[in-house]
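Peer 1: For reference, the structure I am asking about is given below.
The values are calculated or read from the model by the stated rules, or taken from the named source; none is laboratory data. Bear in mind that the values here come from a model prediction, so they are computed numbers and not experimental data. Positions of Cβ are generated from backbone atoms using ideal geometry, with glycine treated the same way; all protein chains shown enter the neighbour counts.
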Amino acid sequence: MGKILEMPSWISSYSFKSGVSIPTNNNDVVVVDSSHLDISNIIVTDVKNFLGSSSTSVGGLCQMPNINQFARFRPDGNPPFRLGDFAGYNHYALPPSSVVGMTTTTGKGYESSTGLFPFTVSLSVIKGERAPDLGETAWNAAATKFTYNGTVSWSSININSSNYASAQFKANVGTEENVTINIKNYYTGGVTSGTSGATLLVGYGDGHTYGKLIEDPNDNKDYSVLLTAVSPTLYCNFNATLDWDGSKKWVSIGTVDPSGYNYTYSEWTAINGSIANTYANYIAVNLVTVGGVPNSGDFSVNITASYSGMISVSKTITISIRNNIKPLD
């Protein structure tokens, strides 16, 4: 029998075994039961090779600066130095809380009331091998703080069960873009309805406050996420033409498709010629000579199409008159 290690309550011995770095021979890591491992054959060569050290001194190896401090089983760097302290050492152990599986919505929606594009960031927070300094009780009631473009949103997490956290933000463009989301995990003393000595989670939205709200110094990172473009069907794309009445010298709005959108007209402009009068959806104009051609002019209007829940689109439509006729488009 080798060294018997008791597992943390949140990790089974079967799961823990898969992450053991030392000993390097997996056959030397034996599952005793769901909460205990039997570790044997810890040798200096394995330790120094794994840590990238040339030292064969147990004391030197136990004080190596690249020993993962998040590993549950490791030397503490103080004498007495024991090679057996490396039994069950996981060189790739994660911090007490770690963000995994972060995703965003596949595309941005559109909020017609604000002209912004809401998107949702979702993630899971998992426990590492070691509990934070506050202890496991505080660890179970955690909180995740999301920050995007100066806006903060909080999400409560129970890492033992519903370790899912999410936040919704609003971007100001509908095109594809990479955005930066800052994620910070905090340990708390649990949800409380009181406010004395507690920290209000602004943006969390359920009216709860939290007691001991202490940031995990090892889990404060910026993440780059891709927000895909708004589907083109969300835009009020349209086609429009202007008509010419040569006898009345009128330029009017002609065909606008599709007919289901709401249209507004503004900013009639005389590029060549002048506008005599402006009416609801047409203008009376004065023609001039353009490029040696008499009775000519160029006029434009701005048309905006809108529809509930869709993105408005504006276009400038232009008509050219030559010798009192509209040339073929």
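Peer 1: Of all residues in segment 56-71, which are crowded, with 20+ Cβ neighbours inside 10 Å and either not assigned by TED's automatic domain parsing to the domain that holds Lys17 or not aliphatic (A, V, I, L, M) (or both)?
Peer 2: Answer for segment 56-71, where residues must be crowded, with 20+ Cβ neighbours inside 10 Å and either not assigned by TED's automatic domain parsing to the domain that holds Lys17 or not aliphatic (A, V, I, L, M) (or both): just Cys62.
Peer 1: Further question on the same structure: Between Ala284, Ala280, which is at pLDDT 95 or above and either within 22 Å of Ser306 (Cα to Cα) or touching a strand residue (DSSP E or B) at 6+ places or on another chain (Cβ under 7 Å) (or both)?
Peer 2: Checking each option against the conditions leaves just Ala284.
Peer 1: Tell me the residue from Ser53, Ser34, Ser40 that is touching a Ser or Thr at 6+ places or on another chain (Cβ under 8 Å), in the same structural domain as Phe81 (by TED's automatic domain parsing) and farther than 17 Å from Ala71 by Cα, please.
Peer 2: Ser34
Peer 1: Being acidic (Asp, Glu) and modelled with pLDDT of 95 or more narrows it down to one residue among Asp85, Asp76; which is it?
Peer 2: Going through Asp85, Asp76 in turn, the sole match is Asp85.
Peer 1: Among the residues of segment 79-104 satisfying the criterion of being over 16 Å from Ile157 (Cα atoms) and aliphatic (A, V, I, L, M), which is surrounded by the most Cβ atoms within 10 Å (Cβ to Cβ)?
Peer 2: For segment 79-104, the residue satisfying everything is Ala87.
Peer 1: Only one of Ser224, Ser259, Ser306 is more than 30 Å from Pro95 (Cα to Cα) and in contact (Cβ under 8 Å) with a residue 24 or more places away in the chain; which?
Peer 2: Ser306
Peer 1: Restricting attention to segment 70-109, report how many residues are more than 30 Å from Asn172 (Cβ to Cβ) and in contact with a strand residue (DSSP E or B) (Cβ under 9 Å, 6 or more places away or on another chain).
Peer 2: Going through segment 70-109 one residue at a time, the tally reaches 18.
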